[in-house]
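Contents: one structure, followed by commentary.
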Amino acid sequence: RCLLKMVKENIVVPEEILSFCCNGFQGSTSPPCSQDPGEREEAAGAMASPSHPRNPTEVQMSQLVLPCHTNHRGELSIGQLLKWIDTAACLSAERHAGCPCVTASMDDIYFEHTISVGQVVNIKAKVNRAFNSSMEVGIQVSYEDLCSGKHYSICKAYATFVAHSSSGTKVKLKPLIPQTEEEKLEHSIAAERRRMRLVHKDTLKDLLTRSPHETELETRDGSVAVPADKTRVESVELVLPPHANHQGNTFGGQIMAWMENVATIAASRLCHAHPTLRAIEMFHFRGPSQVGDRLVLKAIVNNAFKNSMEVGVCAEAYGQEMSVSRRHINSAFMTFVVLDQEGRPRTLPMLAPEQGDGERRYREASARKKIRLDRKYVVSCKQTEVPLSVPWDQSNKVYLSYNNVSALKTLVAKANWALAREKEKVQMYTLEEDKFLSFRIEMSVRIAACQAFSLLSDLRRRHEWDSHYLSAELVQQVDDDDMIYHVVSQTLSSENKLQDFVILASRRKPCGKGDPYVVAFRSVTLPTHPATASFTRGETICSGFCIWPESEETSKVAYYNQATPGYLNYVTTNVAGLSSDFCATFEACEKFLLKNKEDDLIVRLQNL
């Protein structure tokens, strides 16, 4: 307690005391008098290995926040936190790869709280999935108040690392085998996050292409626009050995810390106050820098919204020779707010962008804000917090597709499925939760998994085996893997009107060995297909097929559905055994697959 008090009051702690506190009572022949045998046993138990085996790639880091880590408000600098995050994630990646790794990218990071002097930052990092030469590392950051013992979540991040050999070539990674249910879920959804990263830039380009090219400046009463040029910052840093890893490359976290520093200065020049960093946009490292390089860091405010601003930062490297062209290392976009005394965001001054590139950056910042909101709303929310039907448009198509597939994979990965009924080859399982009743129907079929996937993913053919489906019209072919259908079906209630659905169907082939073929369904809304008086508009939260190959000619086909209230009575009737409709429908599905597998094979060969 005395040490914490000294730290909080910015009193210099003598090195002997720090060494004593860090090393404990090493060399002492007896324990401290204040610790009784019961306390010693409890401490020994706390330090013992956990009962369940820990993930071999898991790295835990705890850092006491000292005055040298903080800003003028006594809060932990986000730059320092980014350095710790990158270090922990890199150590985790290298544990799996067994060789040096470099940071390739970092997904969006949203900072929920600030951390004060004297508190402890706890970071846990572990590899979620290894691909060919890259791997995704999941990072959880929390802080601990030592006086109260309470823990608070700070952020959750996903970083991509690439393994390199001593010669600098990429290394083919061994696959990661998840052990716990949580690890299996993260392993499964990591493939979807990877897919989302790869199309991130295309999403922005598509939105800008469809947006007006004229820059419309926002107007605010009593506010004078600040020229963007007045927020421009340029700084240079010399990369020294303490800034580099054991390969001689600059730490990704160190580069991020320098970028955060110049971005904060740029934001301060707009608002003439001390801003708080709230989010960092997904970014990619384009190349390494080494010890001896000069890093030029440039920052400028791209756009100022009512309560937040986006700052663009660029990092370039060059050697001793100025004549050599600079290498682009990284670009990032950071969102800042200015908080009042009650912790609420203040209204910011308007920004007047420069002509040309400044106007382009201004428009791109607006587009990124929309994409960021879509991504945070659709991707980051829990399934129960997302409305049944989310409006679909070009800007959020990637995130809706991600949410569609990840929701089904989450449902598949849940434990506590209970066998409710079994009839011949068909098994029906249920999963009872607080807000949902889900069911799963599965059976083995003598058909190749790829053929079953091809036949079941086309909703236009579902009426051939599902008597409830009357028709399905392909409304929009989004891409090769995502389609939107307008489905008309029989109603399951006492009403005489037919039901209709607008459904996004997302298909995924296996990303690795052991992955299933996935066909996920969820409701969306389209302005071209509003609800009408002719039909009762139905909605589906989460449903779809997972198909696992059992052999070259046999597959396990499973259908999952998270029942909505209008569907609940029909589900419980089948679960209770008062109806065999589910089993009959799935048996019809088997006959459909067996009947059409040869025709499907011929079509697939013709397409090849």
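The values are calculated or read from the model by the stated rules, or taken from the named source; none is laboratory data. In this text the structure is predicted, and so the values were computed from the model without any measurement. With ideal geometry, Cβ positions are generated from the backbone for all residues, glycine too; neighbour counts draw on all protein chains shown. Note: accessible area is taken over every heavy atom of the protein model, side chains too, but ligands, DNA and RNA are not part of it. Shrake-Rupley method; radii C 1.70, N 1.55, O 1.52, S 1.80 Å.
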Only one of these is modelled with pLDDT under 85 and either more than 25 Å from residue 478 (Cβ to Cβ) or crowded, with 19+ Cβ neighbours inside 10 Å (or both): 603, 571. Name it. 571
Would you mind stating whether residue 109 is closer than 22 Å to residue 195 by Cβ and at pLDDT 95 or above? no
From (1) at pLDDT 90 or above; (2) surrounded by fewer than 20 Cβ atoms within 10 Å (Cβ to Cβ), pick out the condition that doesn't hold for residue 125. (2)
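One line per residue, one yes/no per condition, for (1) open to solvent by 50 Å² or more (accessible area, probe 1.4 Å); (2) modelled with pLDDT under 95; (3) of a type outside the set (A, V, I, L, M):
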{"residue": "78", "(1), (2), (3)": "no, yes, no"}
{"residue": "90", "(1), (2), (3)": "no, yes, yes"}
{"residue": "104", "(1), (2), (3)": "no, yes, no"}
{"residue": "120", "(1), (2), (3)": "no, no, no"}
{"residue": "132", "(1), (2), (3)": "yes, yes, yes"}
Matching residues in segment 537-559 - criterion: being more than 14 Å from residue 441 (Cα to Cα), in a strand (DSSP E or B) and open to solvent by 10 Å² or more (accessible area, probe 1.4 Å): 537, 549
Inspect segment 444-452 for any residue being outside any strand (DSSP E or B) and more than 34 Å from the chain's Cα centre (by Cα) and give the result as yes or no. yes
So, in segment 256-273, of the ones that are within 18 Å of residue 225 (Cα to Cα) and over 27 Å from the mean Cα position of the chain (by Cα), which residue ends up surrounded by the most Cβ atoms within 10 Å (Cβ to Cβ)? 266
Being assigned to a loop (DSSP other than H, G, I, E, B), open to solvent by 30 Å² or more (accessible area, probe 1.4 Å) and at pLDDT below 85, is that true of even one residue in segment 517-536? no
Residues of segment 157-179 being in contact (Cβ under 8 Å) with a residue 40 or more places away in the chain and either at positive phi or open to solvent by 60 Å² or more (accessible area, probe 1.4 Å) (or both), in sequence order, are 166, 172, 174, 175, 179
Looking at segment 303-310, can you tell me whether even one residue there is among the acidic types (Asp, Glu), modelled with pLDDT under 90 and either surrounded by 21 or more Cβ atoms within 10 Å (Cβ to Cβ) or not assigned by the TED database to the domain that holds residue 168 (or both)? no
